[in-house]
Structures are given as C-alpha cells and as structure tokens.
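Remarks on the structure that follows.
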Amino acid sequence: MFKKAFIPYRGYYSSPFCKWQGSFANENAIVLGAETSKRWFASRGLEQKKFDFLYLGITIGQHRVFFAPTWAAFMMGAPDIPGITFMQACATSTTAVFNAGTAVEMGNVKTAYCLMVDRTSNGPHTIWPNPLGPGAEVIHENWNMDNMRIDPSTGFGTLDSAENVAKEAGFTREEADELVLIRYEQYKQALADDRAFQKRYMFPVEVKLSRKETKLVEADEGVSSTSKEALERLSPVMDGGIHTYGAQTHPADGNVGIIVTTEENAKEMSADPGISIRLISYGFARAKKSFMPAAPVPAAQMALQRAEVSVKELVAIKTHNPFSVNDLFLAKELGIDKASFNNYGSSMVFGHPQAPTAGRLLIEAIEETAIKGGGYAMVTGCAAGDMAAALIVKVG
C-alpha cells in the first residue's frame, strides 16, 4: 500500500486516440509522444528539470526503439535523465505508474514521468535469418496482427480467450450487444457540452502533413456509431460465439503522459493544490490459459484487499474492455451493475493503442472522481498472456 507517491492534479494528459490507419498512422510513436509531451509541458508551465527518471511504455516496435527512453527524454526537453522501457501489452500504463510509484515510495526517485506511446497502424514486420530452414527461408512476424491471432504458449488467439470466458460463464449474444449499447451511451457523456469532460485532460496533437504543413488533431478519430438494429445485423466473428465486430475494440494510435512524484512536489505541480491524488495499491493476476478476460477480476480483488477498500466504496471504476465479456464477467464476479462503471467511455469505444490505453482510463477515473467530490477510483484490465493489472488511487 502506497503512502508517499502522488500524481499532481492535471499532472497528466492523453492525446486523442486515432483509429488504425488514421491521422497518426505515419508518425513514429516515440517521436509523437515526446514532442506532444514537450508541448504539454509548455502549456502547463512545467519545467522538465523537475524530472529525474522516465518510464517509457511501448508495445509495438518503432524505428530506433533501442534508444527509446533516452531519445524520448532528449526530444521532450529533459536530455540528461535516465529511463527504462516497459512492455506489458495492455497493462503497460498501469505497471509503469506502479513502478514509478514504487521508486518514489522508496525514495529512489523524486519526480518520474511515465510516457506511454503506441502506433498499431503500419506495424513493423520483423525478419530473422534462418540458415537451417529450407532454402534459408526467413522467419517473419507482423508485430500487431500475428500476436492478436495467436498466443504462442497456448496456440489460441485473443478472441478464443474471450469466447472461452463467455461460454464458461454462460453469457449470451444479447447480453454482449446490450453491453455495447450501454458503453456507447456512456461515451456520449464525454462529448456533451462541446466535449467538456474530455477537455479536462485531452491535449491536441500536431501531425505533419508535409515539411511545411501540420494539422492539429483535437478529438478522438474513428469512433463508430452503433444501434441495436445495426448490432443485430452483424454475425459473430467466431462460429458459436457471442462477439461480433461491434462487441470488441478496434486498434488505435495515441500517447499518454502521467507524472508521479512526492506529495510536496505534487502540490507544487498541481493545477489545483487543493486536490490531492495518492496512489493506494496495485494488483496483478494471471488467469488460466486462454481465459484472458477473466484476469481483471483477481487483479482488482488483490488491489482492493491491499487498499482495505470494498468495491462499493469506489467512486469510479474504469476497465479496459477489448470484448463485451470483459465487463460482463467483472460485473458478475464483483457483484456490481454493468452500467455503473466506465462512465464517459472505455477502450471498447474509443479504441486500443495498447500501451497508452490504461493510462487514459486512469486519467478519466481521476477526473470523474474529482467531479464527484473525491474518493477512491480503480482502473483494471486484461493484458496479452492471460494477465491483468489493477491500480487504485484516492482523490482527496
């Protein structure tokens, strides 16, 4: 349980999330995240010299990823700080913030910056030599598509894992579609009053169109509309399954930045020193093989137990929900209404850039809790390899 690690209020931002092959498709995710962070620091009047360590989260390789943390630090205006690269699939943000918080708690770091970046668009194709293969045929991998299709330790893909949980728990196609409609209605809350909620934390991104021309991406790009009738017309992706393409997330591109620091520094860097955000606890889990959407439940239960908080005490809950079954299972196992969490949106709707996804969810959970007057907030979600991570914070 954390005592000394804090996030300054508004000491974070999320870029808009752009759908696969959208406006961020040709940008190096490391460069885009670092340059966006530098612009955000300037907009907030934050001095990069305050940072003493960078946690760089990325899951889809980009050009020069070998030097990712130090290169990103250089581009964001903090060229002398060390850093580390984190990769834990969809739990990358949660685990990066946890590790930053641990370093602050131990006194090894005073102010850390967590920068999570990813571009699922135009993912790299890696080729390894295979001199013992027939005709020295190369071994090749598409970083994004190949790893969605199959987990090498089980032989099954992510959709298989979703349908396994749905079948074992007895969920129906009708329940999956109903959950989708609820989540899209919740996302509309974030668009109300000229996107008032999103403007609390979302920072626009400059994208190069040519050497001389740029454009500003200010809002999520590629969010689909849906309806009960539209969902009913879709066929399940897997024979006998409950998930259509409408009942799962879509790949996306984006970046997120979160500051983790001491209480004193958090007050100094906060947009409102009267609001405190303390890290409370972290939970982790691994479900049985090829049951990935079940893993967020034990991760959440661990975080709640360590925080000595009940699920009923949480003011806001955000989940990474790549499939409808993720939220159906969580609601059933934790005994909560499926419409009571993921207010203002979730990754099912606005997309999944992988490393930044849980970071945006954490930011939205903090802002929702602040609107409601404070309290405990939790973010949880699964990650490839049947893993999950959860994080609880307290907004005071």
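Only the coordinates and a few stated rules stand behind these numbers; no lab work does. Computed from a prediction, not measured in an experiment: that's the story for all the values here. Cβ sites come from the backbone with ideal geometry, for glycine too, and all protein chains shown count toward neighbours.
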- Message: How would segment 81-187 be classified by its alpha-carbon gyration tensor: rounded, prolate or oblate, with rounded meaning a/c under 1.5 and the a/b versus b/c comparison settling the rest?
- Response: oblate
- Note on the structure: Dipole check, segment 8-124, charges on Cβ (K,R +1; D,E -1), about Cα centroid: among GLY57, ALA112, PRO8 the Cα furthest to the positive pole belongs to PRO8
- Arrange SER23, SER161 by Cβ neighbour counts within 10 Å, fewest through most, would you? SER23, SER161
- Query: Which FRET efficiency value, to the nearest 0.05, is calculated for ASN108 and PHE74 with the Förster distance at 30 angstrom and r the Cβ-Cβ distance?
  - Reply: 0.85
- Restraint check, LYS312/LYS332; LYS110/LYS372; LYS19/LYS215; LYS289/LYS332, Cα-Cα greater than 18 Å: LYS110/LYS372; LYS289/LYS332
- Query: For the chain, what log10 I(q)/I(0) values come out of the Debye formula at q = 0.11, 0.12, 0.13, 0.15 1/Å, with one point per alpha carbon and no solvent?
  - Reply: -0.75, -0.89, -1.05, -1.41
- Item | Amide H contacts under 5 Å for ALA383, placed H, 5+ residues apart | ALA388
- Note on the structure: Rounded to the nearest 500, the 222 nm mean residue ellipticity computed for the chain from DSSP H runs (n ≥ 4, each -39500 (n - 2.57)) alone is -10500 deg cm²/dmol
- Task: Quick one: order LEU56, LEU279, LEU181, LEU132 by neighbouring beta-carbon count within 10 Å, fewest to most.
- Result: LEU132, LEU181, LEU279, LEU56
- Message: Cut-off is 10 Å between beta-carbons; in what order do LEU234, LEU115, LEU54 appear when sorted fewest neighbours first?
- Response: LEU234, LEU54, LEU115
- Query: When the Cα centres of segment 231-288 and segment 1-67 are compared, how far apart do they sit, in Å?
  - Reply: 15 Å
